[in-house]
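The values are calculated or read from the model by the stated rules, or taken from the named source; none is laboratory data. This is a predicted model, so every value here is computed, not measured. Because the Cβ atoms are built from the backbone with ideal geometry, glycine has one as well, and the counts that use them run over all protein chains shown. Remember, those area values only see protein heavy atoms, side chains included, never the ligands or the DNA or RNA. Shrake-Rupley method; radii C 1.70, N 1.55, O 1.52, S 1.80 Å.
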Amino acid sequence: MTNWELRQKWKELHQNPDHRNSLRPEIADSWERSYDYQINPYLRENPYICTRAELAQYQDNSAYLIATSDRIMNSLFEFVAGTGFVVTLADPNMCILKVVGDPESLAWANNAYLVEGSMWSEDLVGTNAGALALALAKPISVYGYEHFCLFSHVAACSCAPIIDQGKIIGALGMVAPYDKVSNHTLGMVVAATKHIKSRIAMEKAKRYHEVIMESMAEGLFTLDLNGNINYMNENCARIFKFQKDAVIGRNIFDLLGHKTENHYFINKITQGRTITDENFTLAIGRETIHCNVTCNPMRDLDSADGGAVVIVRESHRINRLVRNYIGGGAKVTFDDIIGKDQRFAQVIKTARAAASSSSNVLLLGESGTGKDIIAQAMHNAGPRKNNSYLAINCAALPRDLIASELFGYEDGAFTGARKGGNVGKFELADQGTIFLDEIGDMPLDLQASLLRVLEEKKVMRLGGVKLVPVNVRVIAATNKDLEQEIERNRFRRDLFYRLGVIKITIPPLRERPDDILPLAEAFIERTCKRFNKPHMTLAPDVVDAFLSYEWPGNVREMQNVIEGSIQLAPDNVICYELVSEYFVNKNVAKPADQEITNVAAIEKQMIIDCLVKYKYNKTEAAKALGMSRRTLYRRLAEYNIMD
Ligand SMILES: Nc1ncnc2c1ncn2[C@@H]1O[C@H](COP(=O)(O)OP(=O)(O)OP(=O)(O)O)[C@@H](O)[C@H]1O
Ligand SMILES: [Mg+2]
């Protein structure tokens with residue numbers, strides 16, 4: 001078809017509606033719509049070219065599409081270079097975002113008003129391939145006279161919509177002078193849009209993976225078969241102090257291998273084996289990094305070794321997590337501590353005041369006097385209350401384990417040591433409080449190590465070479481007489497002073513009789529509540545017994561007596577029978593003893609009377625009293641009768 005013939009055919013179509021029956025139905029329908037839009041078919045140029053600013057805005061809106069299509073448009077053009085074609089990309093409004101061509105084809109496209117920023121929607125310029133591809137959501141070619149407007153009738157165009165997740169996001173086209181068109185252009189455009197679609201899907205998957213990797217709290221990197229880093233998330237780059245972009249493609253050995261300390265780690269993760277939660281100590285720059293590593297080998301599709309995914313967690317972050325869980329080690333507050341006895345109140349006052357300081361505290365007192373709960377209350381009343389509270393019983397731990405418990409150890413510190421070492425309680429309690437219970441039972445050599453930690457505020461793991469700074473408040477407690485232990489060379493005097501910056505001595509219960517009944521009352525209430533029993537009271541004789549008993553086990557003992565008797569009480573009175581078994585053979589003024597005491601008082605008075613009568617002649621007096629001289633002497637001593 002010559003130019004003239006083409007023009008004639010186009011004209012006839014407009015002039016004679018019957019001729020339009022010869023058009024393909026989708027073209028004929030589009031012509032009808034174009035008439036409905038009242039588009040002037042005799043337009044000699046495309047009047048709809050947007051401004052630079054508008055184009056910039058449209059390109060910005062579709063930046064992702066332009067970037068993904070860029071390479072594909074260029075390769076598509078390479079196929080047809082020199083044959084008069086241009087490749088176009090339009091947005092969903094049919095604004096041309098990009099045109100790729102060579103100088104000749106671009107010059108032709110320019111004349112056909114096919115330029116970046118030109119608008120080709122059906123309602124503006126009538127039938128054209130791009131508008132139809134968008135309207136019908138399918139690839140289509142429009143040839144010469146099939147175009148509705150005069151200015152476009154010299155072109156032939158194949159166009160396909162670009163659909164992402166069911167939504168049209170643009171259209172790709174190949175346009176040339178009508179006589180250059182081949183049968184294959186539509187197929188090429190369709191193949192290219194498919195390519196764009198899978199690129200978009202791939203990019204999205206990549207982005208999706210990246211978002212996942214970057215939102216992990218752990219460090220993560222992947223290695224290929226040769227130990228080259230394929231991917232590293234920001235967290236990992238931060239842990240290793242790398243620039244994320246600078247390490248991609250680098251070899252793990254080049255990055256970390258210059259320090260021999262790291263060789264073990266590198267060997268482990270490049271062996272293609274699974275590692276689960278193994279601890280490593282790495283040398284990064286001048287720093288030592290303790291981390292916990294999980295590594296999974298990747299298998300390629302052909303099941304050959306395909307490198308590894310390595311997950312790195314910094315130990316101090318794990319410690320913090322652990323601390324958050326065990327931080328509730330201190331449950332008691334000062335409100336839970338009962339006692340109004342003057343001496344005890346003074347103890348609590350001192351403890352409260354000391355709570356806000358960071359000084360070491362030494363709590364002294366017999367067993368069961370409340371050292372444990374006062375230590376907890378101090379932690380909870382101080383500035384470290386939201387950090388960990390770790391309690392260590394130095395008497396309960398096997399001697400060999402105390403040091404590694406307290407200070408941790410490095411890999412290979414001793415036989416049986418865990419691979420990768422272990423973190424000690426001092427490191428774990430960083431920023432918190434450590435309660436060293438039964439400090440009097442700490443072996444001497446460890447006392448020296450403890451002293452060093454207290455002085456330097458740094459710990460060195462067993463078998464380690466580096467000092468780790470720790471900020472820990474130490475509260476120590478013992479029921480031993482430390483002065484005596486020092487005398488016997490079983491406790492270091494310097495440690496005693498270091499620990500006892502603040503020394504708090506808790507008086508035994510027998511020395512604070514005013515606390516006995518309030519404590520008993522509180523324990524009854526607590527226990528009854530716990531066992532869902534009605535409130536109970538102490539029978540008067542039990543009250544007497546409680547008040548006169550020595551309580552060698554102090555508050556703990558009383559708590560046990562009360563809990564035990566409440567369990568057995570048939571009604572809501574705790575009577576003497578329920579508690580008596582606790583006091584058997586113990587120094588307690590039972591009601592029966594009261595009588596004995598009375599008898600004794602009478603006996604004492606008789607002895608005194610008799611002595612006076614016989615003018616302190618003990619032989620005469622003994623005879624008169626009907627007892628041996630030895631018994632009399634014993635009674636004198638017993639009743640404290642002076643000569
Ligand atoms: N003043 C008090 N108010 C409330 N309960 C107390 C009081 N004193 C001690 N108790 C309770 O008595 C029990 C023993 O107290 P704690 O464990 O603190 O004693 P301790 O001095 O650490 O003893 P030990 O030397 O045997 O370790 C705990 O159950 C505690 O709750
Ligand atoms: Mg204790």
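Quick notes
- Simple label model, 7 Å out from Cα along Cβ direction - L446 to H263, nm: 3.6 nm
- Rounded to 5, the percent of DSSP beta bridges in the chain classed as antiparallel: 75 percent
- Modelled FRET efficiency - R0 60 Å, N111 with Q431, Cβ distances, 0.05 increments: 0.20
- Simple spin-label estimate for E511 and R343 in nanometres, 7 Å along Cα-Cβ: 0.4 nm
- Applying a DSSP loop filter and a limit of 10 other Cβ atoms within 10 Å to the trypsin sites (Lys or Arg not before Pro) in the range 215-269 leaves K241.
- For the range 601-610, Karplus couplings with θ = phi - 60° (6.51, -1.76, 1.60), whole Hz, Gly/Pro x: 4, 5, 4, 4, 4, 4, 4, 4, 4, 4
- Of the trypsin sites (Lys or Arg not before Pro) in the range 452-552, those whose Cβ has at most 14 other Cβ within 10 Å and which sit in DSSP loop: K457, K466, R488
- Rotationally averaged projected area of the range 3-206 (alpha carbon convex hull; nm²): 10.9 nm²
- Under Karplus coefficients 6.51, -1.76 and 1.60, residue-wise ³J(HN,Hα) of the range 34-45 in Hz, glycine/proline x: 5, 4, 4, 6, 6, 7, 6, x, 8, 4, 8, 8
- For K11, the lysines whose Cα comes closer than 23 Å to its Cα, not counting residues fewer than 8 places off in the same chain, are K180.
- Sorting D102, D400, D60, D571 by solvent-accessible area of protein heavy atoms yields D400, D60, D571, D102, largest first, with a 1.4 Å probe.
- In range of the label at A522: residues from the range 333-363 whose backbone nitrogen is under 11 Å from the point 7 Å along Cα→Cβ: 333-341, 345
- Per-residue SASA entry for E32, accessible area with 1.4 Å probe, Å² rounded to 10: 90 Å²
- Sorted into 10 angstrom bins from 0, the C-alpha pair distances of the range 216-319 split as 16, 53, 28, 3, 0 percent.
- Assigned charges on the beta-carbon of Lys, Arg, Asp, Glu; the chain dipole about Cα centre (debye): 2000 debye
- The length gained on full extension between E456 and A637, counted as 0.36 nm times the residue separation minus their Cα-Cα distance, comes to 59.3 nm.
- Maximal additional length on extending the A67-V190 stretch stands at 42.4 nm, based on 0.36 nm per residue less the C-alpha distance.
- For the range 67-132 and the range 499-576, distance of Cα centres in Å: 93 Å
- Amide N of the range 98-127 lying under 20 Å from the label point, which is placed 7 angstrom from the Cα of E45 along Cα→Cβ: 99, 105-121, 124-126
- Coupling constants for the range 337-343 follow from the phi torsions by the Karplus curve (6.51 cos²θ - 1.76 cosθ + 1.60, θ = phi - 60°), and in residue order they are 8, 9, x, 10, 3, 4, 5 Hz; glycine and proline get x.
- Value of Rg to Rh for the range 330-505, rounded to two decimals, is 0.98; Kirkwood radius and Rg both from alpha-carbon coordinates.
- Length gained on full extension, N230 to F253: 6.9 nm, using 0.36 nm per residue less the C-alpha separation.
- Among the listed pairs K349/K457; K385/K503; K244/K425; K371/K425; K98/K197, those beyond 23 Å (Cα-Cα): K349/K457; K244/K425
- Summarising the label geometry, the points placed 7 Å from Cα in the beta-carbon direction at W4 and Q271 lie 8.8 nm from one another.
- Charge sum, other residues only, whose C-beta stays under 11 Å from Q243's C-beta, Lys/Arg counted +1 and Asp/Glu -1: +2
- When the solvent-accessible area of the range 308-438 is split by element, carbon and sulfur atoms take up 49 percent of it, the probe being 1.4 Å.
- Working from Cα pairs under 8 Å separated by at least six residues, relative contact order for the chain is 8 percent.
- The alpha-carbon atoms of the chain, seen along their principal axes, cover 165, 61, 44 angstrom, with the largest extent given first.
- Net charge of the neighbourhood of C394, taken over other residues with C-beta under 12 Å away and scored Lys/Arg +1, Asp/Glu -1, is -1.
- Highest mean packing first, where packing is the average number of other Cβ atoms within 10 Å per residue, the peptides 513-524, 626-637, 201-212 line up as 513-524, 626-637, 201-212.
- D (Stokes-Einstein, µm²/s), Kirkwood Cα radius, the range 509-583, 0.692 mPa s at 37 °C: 270 µm²/s
- By accessible area with a 1.4 Å probe, ligands and nucleic acids excluded, highest first: order of R286, R71: R286, R71
- For the residues E104, E366, a 1.4 Å probe over the protein chains yields an accessible-area ranking, largest first, of E104, E366.
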